[in-house]
1. Counting pairs of alpha carbon atoms under 8 Å apart in space and at least six apart in sequence, what relative contact order in percent does segment 124-246 give?
2. Using the Cα centre as the reference, give the magnitude of the dipole from point charges on the C-beta atoms of the chain (Lys, Arg: +1; Asp, Glu: -1; all else neutral), rounded to the nearest 20 debye.
3. Which residue, Pro136, Pro60, Pro101, has the most motion in a Gaussian network model of the chain that connects Cα atoms within less than 10 Å?
4. Express the relative contact order of segment 30-238 as a whole percentage, based on alpha carbon pairs under 8 Å and six or more residues apart in sequence.
5. Could you tell me the number of lysine pairs in the chain with C-alpha atoms less than 27 Å from each other, where the two lysines are 8 or more residues apart or belong to different chains?
Amino acid sequence: MIMSAYSMIPSDARGISYSPAPHATRWHRSVLQPLTYLMNVAVAAWTYPSWRTARVQWMPDIGALHSLLRDRPGPVICYGWHEYELLTFCAFKGWPAELMPTGIGHDGFLSRALHRPSTWFGFPVWVYRRESPVRPKQQLIDFLMATPQIIGLIADAGGPDRRIKPAMVEVARATNALLVPMTVAAQRVVTVRWPKRYSLPLPFATLVAHYGEPIAGGAATVMECQAALNRLEQRGRSSRGPKNPS
């Protein structure tokens, strides 16, 4: 049974859990381990000053979002673009531990560079296996069905072309998960465009985190999820900064 299989999801006891799906272990994994550790430290060292000093406002009011997440009848998927990952670390600063989303990542090199910093900034992490006969989409479906009260944070909702991936919507349909679109508008950031577009926060950054109306995953469409993020990004472009930052 799925539930019993996932009741013993392996964890390193420091906030990172892994899909139990069978997978291949590539020879270069151990060779790259020191570099992965250095990448984790570099990401954390860059982000920490901003995490400490950022001014944050959620729109609409954060209380409504907290109520939504507390009353969730099943899994919730908060989704956005890769670009906002480090901004998200700052945006969720000070959230109640029971409402802190679980970051969804994979076991590839670039994703692993963010796993440990995610836990350092308060996010549990769940990792799916890319080199597995079980497709990543099915691994995520199994995980959400086994942990129905989970709040998942999927930054990989779309690729460099900023288009929603159909697989995310298929996961929401299969698990009847509630979808909550999220974007982060920021002042005082550095944007890099390789290997992917990322916004890197600077100390004393000003962030406005936007979230949209929840979308019922059981009937969600790619077009609907895409339009929701597009609307939030339009709001972000018109944001001038928080009026009552925290």
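Throughout, read-outs are computed from the coordinates displayed, never taken from laboratory work. Keep in mind that this is a model prediction, so the values were computed, not measured. Every residue, glycine among them, receives a Cβ derived from its backbone with ideal geometry; neighbour counts consider all protein chains shown.
1. On the way: 149 pairs, mean separation 29.6, N = 123.
Taking the mean separation of contacting Cα pairs over the length of segment 124-246, I get 24 percent.
2. So the magnitude is around 640 debye.
3. Ranking Pro136, Pro60, Pro101 by mean-square fluctuation puts Pro60 first.
4. Values: 380 pairs, mean separation 61.8, N = 209.
Normalised by residue count, the contact order of segment 30-238 is 30 percent.
5. Numbers: Lys93/Lys196; Lys93/Lys243; Lys137/Lys165; Lys137/Lys196; Lys165/Lys196.
Summing the qualifying lysine pairs gives 5.
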